[in-house]
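The values are calculated or read from the model by the stated rules, or taken from the named source; none is laboratory data. Owing to the predicted nature of the structure, the values given are computational and were not obtained by experimental measurement. Here Cβ is always computed from backbone atoms with ideal geometry, including for glycine, and neighbour counts include all displayed protein chains.
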Amino acid sequence: MFIDAFQLELAGPKGNCLRGVLKDDKGSICSTMEKDIATEKEQLIWAGLSELPYGRYTLELSQGDDEMKMNLVKRV
């Protein structure tokens with residue numbers, strides 16, 4: 001769950017680029033980000049989500065050939 005931001009804890013090889021896409025429940029892209037990973041463990045705060053309506057979202061993360069999806073809910 002998130003309200004206006006969420007935090008990710010990253011662990012992996014440095015020097016790679018992490019790409020993220022946040023989609024609403026209809027599959028429309030609501031927000032994107034790219035981050036170059038400088039250390040093997042990092043924290044990333046994805047902010048600026050206060051304008052999104054409440055509801056269900058899918059977070060898609062990719063780094064090289066690795067991909068993952070997470071379901072999130074924005075609430076009050």
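Table for the structure above
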{"read-out": "Subset of the stretch 28-76 [surrounded by 15 or more Cβ atoms within 10 Å (Cβ to Cβ), β-branched (V, I, T) and more than 15 Å from P13 (Cα to Cα)]", "value": "T58"}
{"read-out": "Hey, G15 at pLDDT 95 or above and on the phi > 0 side of the Ramachandran plot or not", "value": "no"}
{"read-out": "Selection within the stretch 5-26 - closer than 13 Å to Y57 by Cα, in contact with a strand residue (DSSP E or B) (Cβ under 9 Å, 6 or more places away or on another chain) and either surrounded by 12 or more Cβ atoms within 10 Å (Cβ to Cβ) or free of Cβ contacts under 8 Å to residues at least 12 places away in the same chain (or both)", "value": "F6, G20, V21, L22, K23, D24"}
